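Before any comments, here is the structure.
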Amino acid sequence: MSAKSKLIDAFVNALEIPASEVNETLQYNDHIQWDSTAHMILVAQLEGDFDLMFDIDDIIDMSSFVKTQEILLKYNAELSFS
Amino acid sequence: MVVLITGANGGIGRATCFEYAAQGDTLFITGRNQEKLTHLANELKQVYQVTVYAIVADVTDNIQLNDLFKAIVKKEKRLDVLVHCAGILTQSPLMMTRIDDIQATIATNLTSGIALSQLASKLMMRNKSGVIILISSIIASQGSSGQSVYGASKAGLEGLVKSLAKELGTAGIRINAIAPGFIDTALVEQFSPDDKVVIANKTCLKRIGQVNDITPVIQFLSSSDAGYITGQTIAVDGGLAL
């Protein structure tokens, strides 16, 4: 599974939204499903799926689908989301 | 279950390790003294043939706490129960308490509980289940002359439990505290035998508590029998607070 597919799946599972809504416009607190509770679940899901542990600053900065990709690349530069 | 016990070298911590090992759980045990921790791990493995990871960690050191959780993820990839026993008891009138000692007490007893709850809940959320148990003290609700800073730190834990229960409940994580009364551990070794008799007489049961009075309650709170209990502080004090 590609990193992009894995990332989309994580958002689908954590936010309980269809894959079609996981796109470049998706933002924290903008989409009704991406609230603070979903954010906690998303972080846990991403840590498990990508086998890493986020710093708290990165969890706070994880404000959009695009930003999430940037943060994941900080932890693993070999990931590709294209 | 995978269980993390902090302060494993202490009286309640050590007894808690034996309680969980007896039911065959996988343990991560932490403490500051490597030699004592290794000895405890070997003892647990020998008696109960369970998997025990002994990891030296100072609960006031965020880097060490992060490393501890990285090890848990690497070795077992999950955490079911956190029992945070690490703590210190400061006994002096506030007027005679140095700011360094105040900060050390708050860091060890309260901030560490917040930091550990943060790390543990993040890992527990992967499975949408988990139990956090913090060790408070009857001093948090009753107060005690000469223990104002200690009492404040433990009262902070009880506040943490209430808010986190609300915050983590939807993620399937329960959090509770136990408030022991006067328990016969090294933490209270500065009390004279006469002092202990006086305190024993203040309890309804007319005796000082033992660690084995505490550990079954810890285990109960982490069991499915307590599946509808969260946000509570359970006093285990022989009626001392009445």
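The table that follows gives values for the structure above.
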{"quantity": "Checking residue A:4 against (1) among the charged types (D, E, K, R); (2) touching a residue at least 40 places away in the same chain (Cβ under 8 Å); (3) within 13 Å of chain B (Cβ to nearest Cβ), the condition it does not meet", "calculated": "(3)"}
{"quantity": "Subset of region B:48-86 [in contact with a strand residue (DSSP E or B) (Cβ under 7 Å, 6 or more places away or on another chain) and part of a loop (DSSP other than H, G, I, E, B)]", "calculated": "B:50, B:51, B:57, B:59, B:76, B:78, B:79, B:80, B:85, B:86"}
{"quantity": "Neighbours by Cβ (under 8 Å, 6+ apart or cross-chain): first from region B:198-212, without any contact (Cβ under 8 Å) to a residue 60 or more places away in the chain; second among the aromatic types (Phe, Trp, Tyr)", "calculated": "B:199/B:182; B:199/B:191; B:200/B:182; B:203/B:182; B:208/B:182; B:209/B:182"}
{"quantity": "For residue A:39: the one exception among (1) within 14 Å of chain B (Cβ to nearest Cβ); (2) surrounded by 16 or more Cβ atoms within 10 Å (Cβ to Cβ); (3) of a type outside the set (Val, Ile, Thr); (4) over 29 Å from residue B:75 (Cα atoms)", "calculated": "(4)"}
{"quantity": "Flag for residue B:16 being under 25 Å from residue B:180 (Cα atoms), of a type outside the set (Asp, Glu) and modelled with pLDDT under 95", "calculated": "no"}
{"quantity": "Lone unmet requirement of (1) charged (D, E, K, R); (2) within 14 Å of chain A (Cβ to nearest Cβ); (3) not in a helix (DSSP H, G or I) for residue B:207", "calculated": "(2)"}
{"quantity": "Residue B:112 being out of contact with any helix residue (DSSP H, G or I) (no Cβ under 7 Å at 6 or more places or on another chain), within 20 Å of residue B:27 (Cβ to Cβ) and away from chain A (no Cβ under 14 Å)", "calculated": "yes"}
{"quantity": "When residues of region B:62-77 are limited to those that are surrounded by 17 or more Cβ atoms within 10 Å (Cβ to Cβ) and within 20 Å of the chain's Cα centre (by Cα), the one nearest to the other protein chains (Cβ to nearest Cβ)", "calculated": "B:69"}
{"quantity": "Close pairs (9 angstrom Cβ cut-off, 6 or more residues apart or separate chains): of a type in the set (Asp, Glu) in region B:98-115, surrounded by 14 or more Cβ atoms within 10 Å (Cβ to Cβ) anywhere", "calculated": "B:101/B:90; B:101/B:92; B:101/B:149"}
{"quantity": "Tally, over region B:128-146, of residues that are touching a residue at least 24 places away in the same chain (Cβ under 8 Å) and either β-branched (Val, Ile, Thr) or within 14 Å of chain A (Cβ to nearest Cβ) (or both)", "calculated": "8"}
{"quantity": "Residue list for region B:213-242, filter: assigned to a helix (DSSP H, G or I) and either over 15 Å from residue B:83 (Cβ atoms) or aliphatic (A, V, I, L, M) (or both)", "calculated": "B:213, B:214, B:217, B:218, B:221, B:224, B:225, B:226"}
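The values are calculated or read from the model by the stated rules, or taken from the named source; none is laboratory data. Keep in mind it's a predicted model, so treat the numbers as computed, not measured. Note that each Cβ is placed from the backbone with ideal geometry, even for glycine, and that neighbours are counted across all protein chains shown.
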